[in-house]
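Undergrad: First the structure, then my questions, so here it is.
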């Protein structure tokens, strides 16, 4: 997972810069500005987790989240968040990441 974290760290830093630049260009404080700020907060939280060495841990249970899922959504905080995201998908996806 170390190599994956290094790659994600670089991607997250790049995303952080893009979000900061996007926010600096915004002239109004609308729904998109709020969304960009929330996303920046999540990206910075993921970066901090990588730096602290607890990236990929579920914030609720402490268990490791599936690596393949973190590659897709590195700002994921918990398995609960993952299941909430599922309400936006039309096809079943949970079996790809969580085996019960």
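Undergrad: Write down the Kirkwood hydrodynamic radius of segment 1-41, to one decimal in angstroms, obtained as one divided by the mean of 1/r over all alpha carbon pairs. Before the final figure, lay out each step's value.
TA: Details: mean 1/r = 0.0898 Å⁻¹.
Value: 11.1 Å, from the Cα pair sum.
Undergrad: Viscosity 1.306 mPa s, temperature 10 °C: Stokes-Einstein D of segment 2-96 from its Kirkwood Cα radius, in µm² per second? Kindly include the intermediate steps, with their values, before the conclusion.
TA: Numbers: Rh = 14.5 Å.
The Stokes-Einstein estimate is 110 µm²/s.
We did not get these values from a lab; they are worked out from the coordinates using the rules stated. None of the values given here were measured: they were computed from a predicted structure.
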